[in-house]
Each structure stands twice: as structure tokens, then as C-alpha cells.
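Structure first, commentary second.
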Amino acid sequence: MLRGSGTHLGGAANVIEIESLTKRYGDAVAVDDLSLCAKPGEITGLLGPNGAGKSSTIACVSGLRAPDAGRVRVLGHDVHHERRRALEQLGVVPQELALYDELSARENLEYWGAAYGLRGRVLRERAAAVLEQLGLAERADERITSFSGGMQRRLNFGCALLHTPRVLVLDEPTVGVDPQSRVRLLELVRQAADAGAAVLYTTHQMQEAEELCDRLAIVDHGKLIAFGTLPELQSRLGGRDILGLSGRFDPPSARAALEGLRETLGDFALNTLDAHALQLAVRDGARVLAQVLAALEAAGNEVREASLRQPSLESLFLALTGKELRE
Ligand SMILES: Nc1ncnc2c1ncn2[C@@H]1O[C@H](COP(=O)(O)OP(=O)(O)OP(=O)(O)O)[C@@H](O)[C@H]1O
Ligand SMILES: [Mg+2]
């Protein structure tokens with residue numbers, strides 16, 4: 001496994017501590033010995049493809065499901081054993097909308113505020129402040145069935161803010177959101193972190209993770225495969241580009257041709273090589289492309305398509321797992 005230089009476990013500064021978390025559904029392991037932490041004032045991304053175990057992790061953080069092994073602490077309190085204390089400072093934005101169609105925006109907020117223990121004037125004032133913050137004050141008393149998907153998503157987020165939690169957990173909050181609402185939502189998430197909250201932000205979108213997150217945990221099949229800041233993660237690729245080729249390859253001769261170029265290519269990694277595809281992580285991809293193609297052709301391989309990508313989260317994911325994230 002790969003880790004950034006930051007502390008991985010424990011430490012007083014960590015507001016969310018997930019330690020060797022395992023969650024099973026019957027025989028299927030959804031979260032597999034996963035450890036990570038989130039700090040105040042930072043957005044920690046949980047990035048992974050469909051079925052990677054993101055929502056299952058969030059469910060254990062928010063006390064919705066009990067871990068099969070390991071534990072989760074929020075502000076030092078074990079979510080399972082000291083549930084009330086752990087959860088009182090936590091705001092959760094679920095992947096599915098948790099709103100009532102028959103209520104207005106304000107009523108939805110007041111409903112959730114009451115669930116978080118707010119009453120009377122404080123509840124009304126907080127609901128009004130959150131409506132302002134969400135940019136929904138003018139539509140506050142309309143039933144939410146008249147709202148766009150993006151407005152409903154914003155409101156869904158606002159429901160977690162009423163009790164001004166120090167810890168926020170968001171599960172894919174921008175899915176199905178129009179671009180304008182998306183920008184607004186991401187700004188709201190950033191504001192919450194700037195105000196000092198520790199934010200755990202789940203997404204399958206690399207671009208969003210790159211833009212938004214201070215630190216990233218990349219998960220696949222329930223396992224943590226990388227954790228660190230974006231520069232830390234990118235440095236794991238050693239500044240290499242990803243060169244992808246498709247065509248007809250004879251793997252032994254293709255491998256030999258590349259080995260023959262080692263002096264030119266330097267420290268390269270062959271991520272994929274089969275009869276139809278070849279993928280190489282290599283420095284200065286553009287400079288060496290012509291030589292790679294010539295050497296492969298000379299060895300009897302046929303290249304039909306070539307693509308070159310800069311190191312990015314996508315190439316990191318590809319290099320670590322051998323597959324692409326869904327879009
Ligand atoms: N209630 C459940 N019962 C059985 N299996 C489940 C249940 N919930 C999730 N799973 C399985 O656990 C694995 C992880 O699912 P999870 O929902 O945590 O992934 P995810 O990363 O949130 O995916 P997505 O991006 O689709 O939301 C998947 O294989 C899923 O099919
Ligand atoms: Mg999910």
C-alpha cells in the first residue's frame with residue numbers, strides 16, 4: 001500500500017479517525033481493513049469507482065451501520081460505543097436525497113434541525129441563515145417539488161449544516177447536479193472547511209477530487225490504495241506520463257523492444273501488455289513516443305492508436321489498479 005507523508009492514524013489533530021475498518025454484507029467484503037483520517041479545516045476526499053465501498057464507509061462513520069472489525073472515532077469518540085457524543089458534532093449528507101416532497105425548503109430544514117436537537121427561536125434562525133447561505137432564501141416557502149435537481153441537492157446539503165457541525169460527511173453530493181448548482185455546492189463545501197470543519201467528501205469524479213480536496217484517499221474493492229495530498233500522490237508516479245497504445249502486439253517481442261530502449265526511456269513501467277493493448281508509464285512521453293513506435297513496429301507489432309496523458313489522478317488510479325474510474 002501507498003501512503004503520503006502525513007500521519008496516517010491517530011493524532012490529536014484528526015477529527016475523523018477510521019482505523020482498520022471492515023464492513024461485510026454476508027460473505028461480500030465491502031470495506032476491507034481501511035484506515036484514514038480527516039483533519040479540521042481540510043477536505044479529505046474518498047475517491048473510488050462504483051461499488052468501491054465509499055457509502056459503506058460513510059455509513060460506518062455516521063453510525064448507520066456497525067463495523068464488522070476496526071473502529072471509527074469522531075472527535076475522539078467511538079461512533080459505535082459512544083454514539084451520542086460522536087454524532088452530536090457530525091453533519092451527514094447522504095447519497096440519496098433525504099427530503100420530504102410535501103414540505104417547503106424551510107420546513108425540510110426545520111425538520112432536520114429538530115432531529116439534530118434544535119428548538120424554537122434558535123431553530124428558526126438557523127434555518128433562515130442556512131437558506132441564505134444556500135442561495136434559496138427567496139424560494140424558502142415553496143414546496144420542494146418545484147425545485148430543480150441542483151436546488152434539491154443544495155437543500156440536502158443544508159440539512160446537515162443546521163447544528164453548525166464541526167465534522168461534515170458528504171456522499172457524492174454533486175451527482176445529477178447542473179453545472180451552476182455544482183459550483184455553488186462546491187463553494188459551500190469549501191466555506192465549511194474554511195470555517196474550520198473537517199470534511200470527508202466522497203466522489204467518483206477525479207476532476208472534482210483534484211479541484212476540491214486537500215487530501216485524497218483512493219479506494220478500490222473496499223481497500224485503501226493511496227492516501228495523501230495531490231502532489232504527494234502525483235509524485236508516486238514519478239512525474240511519468242501514461243502512454244497507451246492499441247493494435248496487435250506480440251507480448252514477448254514488444255517487451256524485448258521496450259527493454260532495448262531502456263537507455264532512452266529510463267525508468268519506465270509497463271502497466272499493461274496483452275495482444276491488443278500496451279500501456280507504459282514513462283518520463284517525457286512526447287519526446288520518446290516516436291522511438292517507442294518505431295521499436296515496436298520493427299519488432300513486428302502493429303500500433304493503430306496512441307494516446308499520451310499527463311500524470312493525473314486518472315493515470316495514478318490506472319497505474320495503481322490497472323483500470324479506469326467510471327465517468
Ligand atoms: N445493503 C447491502 N447489501 C449487500 N451488499 C451491499 C449493500 N450495500 C452495498 N453493498 C455492496 O458493497 C459494495 C460496496 O458498496 P458501496 O455502496 O459502499 O460502494 P460505493 O463506493 O458507495 O459505490 P457507488 O459509487 O455506486 O455509490 C458493493 O459491492 C455493493 O454491491
Ligand atoms: Mg455510494
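Can you give the local net charge around residue 258? Use residues other than it whose beta-carbon is closer than 13 angstrom to its beta-carbon, Lys and Arg +1, Asp and Glu -1. Can you show the working numbers first?
Working: positive: 255, 262; negative: 250, 259, 263, 267, 297.
Neighbour charge sum, excluding residue 258 itself: -3.
State the extension gain, in nm to one decimal, for the chain segment bounded by residue 178 and residue 287, taking 0.36 nm per residue of separation less the distance between their alpha-carbons.
Working: separation 109, 0.36 × 109 = 39.24 nm, distance 3.96 nm.
The residue 178-residue 287 span can extend by a further 35.3 nm.
Please give the helix 285-298 orientation as an angle from the longest Cα principal axis of the chain, in degrees from 0 to 90, rounded to the nearest 10.
40
What does the net charge come to around residue 180 if you take all other residues with beta carbon closer than 13 Å to its beta carbon, with K and R at +1 and D and E at -1?
Working: positive: 153, 154, 182, 184; negative: 178, 187.
Surrounding charge for residue 180 is +2.
Expressed as an acute angle from 0 to 90° and rounded to the nearest 10, what is the orientation of the C-alpha long axis of helix 179-194 relative to the principal long axis of the chain?
80
Nearest 20 debye, what's the magnitude of the dipole of region 214-327 about its Cα centre given +1 on Lys and Arg Cβ and -1 on Asp and Glu Cβ? All intermediate terms of the calculation are to be shown ahead of the outcome.
Values: 13 positive and 16 negative charges, 34 e Å.
With only Lys, Arg, Asp and Glu charged at Cβ, the dipole is about 160 debye.
Expressed as an acute angle from 0 to 90° and rounded to the nearest 10, what is the orientation of the C-alpha long axis of helix 120-134 relative to the principal long axis of the chain?
Result, in degrees: 30.
What number of lysine-lysine pairs in the chain show an alpha-carbon separation below 20 angstrom, given a sequence spacing of 8 or more or placement on distinct chains? Numbers along the way, then the final one.
Values: 23/54; 23/223; 39/54; 54/223; 54/323; 223/323.
Lysine pairs meeting both conditions in the chain amount to 6.
Figure the gain on full extension for residue 50 and residue 294 (residue separation times 0.36 nm, minus the Cα-Cα span) and round it to one decimal in nm.
Numbers: separation 244, 0.36 × 244 = 87.84 nm, distance 3.84 nm.
Result for the pair: 84.0 nm of gain on full extension.
Report the full-extension gain for the segment residue 13 to residue 191: residue separation times 0.36 nm, less the Cα-Cα distance, to one decimal in nm. All intermediate terms of the calculation are to be shown ahead of the outcome.
Values: separation 178, 0.36 × 178 = 64.08 nm, distance 1.96 nm.
Length gained between residue 13 and residue 191: 62.1 nm.
Every read-out reported here was derived from the displayed coordinates using simple, explicitly stated rules and does not represent laboratory data. As the structure is a computational prediction, the values presented were derived from the model and not from experiment. Don't worry about glycine lacking a Cβ; one is built from the backbone with ideal geometry, like all the others, and counts go over all protein chains shown.
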